[in-house]
Amino acid sequence: MRVRTKITWLTITVAVTVVFFVIIAVRGVFIEAFRGELEKRAVSIAGNLSDRVADYILLKDYFHISGAFTEVLGKEKDVEYIFATDQDGSIVAHTFDNGVPSGILDWNPVNDRAMNIQLLDTEKGFIRDVGVTIFAGTKSQLHLGIREDSLIQTLNRARYVTYPSILLVICIGVIASFVFSRLITEPLNKCIEFTKVLGRGEYGTKIDVRSGDEVGYLAHNFNTLSMQLKSAKEKMEEAYTYTHLLQAEKLSSIGQISAGLAHELKNPMTTLKMMFQAFREQPDMTKEDAEVINNEIDKIDKILTDFMGFVKQRSFNFSEVSLNELIDRVLSLATFDIKNTGITVHRDLVDALPVVKADRALLEQVFLNLVLNAVQAMPDGGEIRISGKSDDRFAEVMIWDRGGGIPAVIRSKIFDPFFTTKDSGTGLGLSIAYNIIKSHGGSLFFNSNEGVGTVFTVRLPIASEIERG
């Protein structure tokens with residue numbers, strides 16, 4: 001059974017039950033009130049009539065007594081009978097058409113009381129007998145019997161109003177239950193349909209339920225859940241896409257590195273092959289030939305050494321390193337190349353660059369590579385400037401040269417493995433330097449203007465920042 005049907009039947013049942021008990025309660029109150037009023041009227045009529053006929057009884061004027069009784073019967077339609085007794089208890093007047101019923105004095109004995117009321121169940125229905133003592137201390141009484149016909153008639157008339165009222169209340173209850181059940185079940189049905197939408201994976205949709213009750217709160221939670229599921233789905237898709245892109249990038253990098261390695265090895269291997277072919281034809285080896293072979297073997301060794309340095313998993317030996325001392329050490333190592341090309345070095349480092357936590361040997365390799373690259377960028381001499389700065393988190397060292405600059409078309413390839421514009425070299429120096437700085441939590445980047453020069457910047461987290469992070 002659907003919820004709407006249950007609510008409808010429940011509402012009808014409650015409405016009918018309430019109306020039923022209300023009618024019973026009202027009917028009981030009405031009957032008691034009507035009987036009370038009827039009894040008061042009967043007592044009033046009997047009291048007035050007893051006072052009126054008292055003198056007639058003393059005078060034994062039965063004619064006027066009967067006349068008074070007849071007058072009351074004419075006015076009060078629900079009075080069934082009236083009779084009176086004298087001081088001795090004998091009936092002196094009555095209104096019975098077929099004579100006085102036997103034992104009538106025992107129906108409602110007054111005895112020594114001033115008044116007594118008794119409900120009698122007769123063939124004509126319920127009659128309320130009111131007995132009044134006319135003369136105290138005697139058996140003289142007046143009895144008046146009043147029918148409850150008016151009560152029955154009133155109740156019968158009330159049924160004609162009550163039954164249509166019950167039917168009207170039931171109809172109103174049915175309509176109200178239908179409306180209320182619709183107000184309750186329609187949002188619930190929307191929530192049910194919404195769960196089906198979520199089950200199909202259509203996240204991000206919302207339920208249009210604006211009520212402020214529990215159903216509205218449930219709909220609000222469903223909407224929140226839908227948005228959270230949408231966000232989670234998007235993140236999963238992004239992660240999945242990123243993973244595949246990363247995998248593709250790794251495969252592409254491996255392909256590029258392999259191609260670069262093969263290209264770098266091809267030239268010296270070709271030279272060696274040609275030399276060995278020449279030896280087959282002319283076995284005598286000159287000193288110059290031996291030097292060529294040795295140089296080509298050295299070239300292969302350097303390529304493989306640089307390649308191993310690029311791809312192997314490094315183990316770092318971290319310690320606190322003073323950048324000022326490290327730069328001095330690098331400049332000392334590069335002194336021969338600097339002087340041989342007639343280059344002037346301007347050292348503009350501040351005296352107190354922060355200490356960084358790094359592998360001293362690897363960091364020395366990075367800065368030496370950058371200084372030598374700056375030297376090679378100015379074969380006819382020039383100026384190299386080394387400056388530095390720091391803040392609360394990072395220390396930066398900039399190496400400037402006044403060379404020809406890096407052409408815009410190749411700037412995006414500067415850190416690619418095996419990329420080089422030099423006649424000699426493996427093209428792995430900057431790639432290795434980039435990876436070393438990145439492994440230290442820093443960054444390596446450059447800015448270049450053709451015809452003006454290039455500046456490479458090494459940014460490293462200071463030692464206290466690494467400890468906090």
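The values are calculated or read from the model by the stated rules, or taken from the named source; none is laboratory data. Remember, predicted model here, so these are calculated numbers, not experimental data. Counting neighbours? That spans all protein chains shown, and the Cβs are built from the backbone with ideal geometry, glycine included.
Of note:
- Test: residue in region 324-334 that is at pLDDT below 80 and either more than 28 Å from ARG393 (Cα to Cα) or of a type outside the set (Phe, Trp, Tyr) (or both): no
- ASN116 being at positive phi, of a type outside the set (Gly, Ala, Ser) and modelled with pLDDT of 80 or more: no
Results for (1) at pLDDT 70 or above; (2) assigned to a helix (DSSP H, G or I); (3) among the polar types (S, T, N, Q), shown as yes or no for each residue.
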residue: LEU168; (1), (2), (3): yes, yes, no
residue: VAL174; (1), (2), (3): yes, yes, no
residue: THR195; (1), (2), (3): yes, yes, yes
residue: GLY204; (1), (2), (3): yes, no, no
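- Pair list, Cβ < 9 Å and 6+ apart or interchain, from region 95-116 residues that are of a type outside the set (Ser, Thr, Tyr) to residues that are loosely packed, with under 10 Cβ neighbours inside 10 Å and in a loop (DSSP other than H, G, I, E, B): ASP112/ALA136; ASP112/GLY137; ALA114/ALA136
- Exactly one residue out of ALA358, ALA395 is at pLDDT 85 or above, more than 23 Å from GLU450 (Cα to Cα) and in contact with a His (Cβ under 7 Å, 6 or more places away or on another chain), and it is ALA358.
- Listed by first and then second residue, the pairs with beta-carbon distance under 9 Å, at least 6 apart or on different chains, first residue in region 192-205 and at positive phi, second at pLDDT 75 or above and surrounded by 13 or more Cβ atoms within 10 Å (Cβ to Cβ), are GLY201/LEU229; GLY201/LYS233; GLY204/SER226; GLY204/MET227; GLY204/LEU229; GLY204/LYS230; GLY204/LYS233.
- Positions within region 126-166 being at pLDDT 80 or above, among the β-branched types (Val, Ile, Thr) and under 24 Å from GLY74 (Cα atoms), in sequence order: ILE127, VAL130, VAL132, THR133, ILE134, ILE146
- For ILE7: the one exception among (1) over 26 Å from THR138 (Cα atoms); (2) at pLDDT 90 or above: (2)
- Verdict on ALA33 being without any contact (Cβ under 8 Å) to a residue 40 or more places away in the chain, farther than 30 Å from LEU188 by Cβ and loosely packed, with under 14 Cβ neighbours inside 10 Å: yes
- The residues of region 373-386 that are crowded, with 17+ Cβ neighbours inside 10 Å and closer than 24 Å to ILE436 by Cα, listed by number, are ASN373, ALA374, VAL375, ALA377, ILE384, ARG385, ILE386.
- For the condition under 60 Å from the mean Cα position of the chain (by Cα) and without any contact (Cβ under 8 Å) to a residue 60 or more places away in the chain, VAL22 qualifies.
- Residue within region 79-87 that is more than 17 Å from SER44 (Cα to Cα) and surrounded by fewer than 16 Cβ atoms within 10 Å (Cβ to Cβ) present: yes
- Unmet criterion (only one of (1) buried (at least 17 other Cβ atoms within 10 Å of the Cβ); (2) in contact (Cβ under 8 Å) with a residue 40 or more places away in the chain; (3) touching a Lys or Arg at 6+ places or on another chain (Cβ under 8 Å)) for GLU364: (2)
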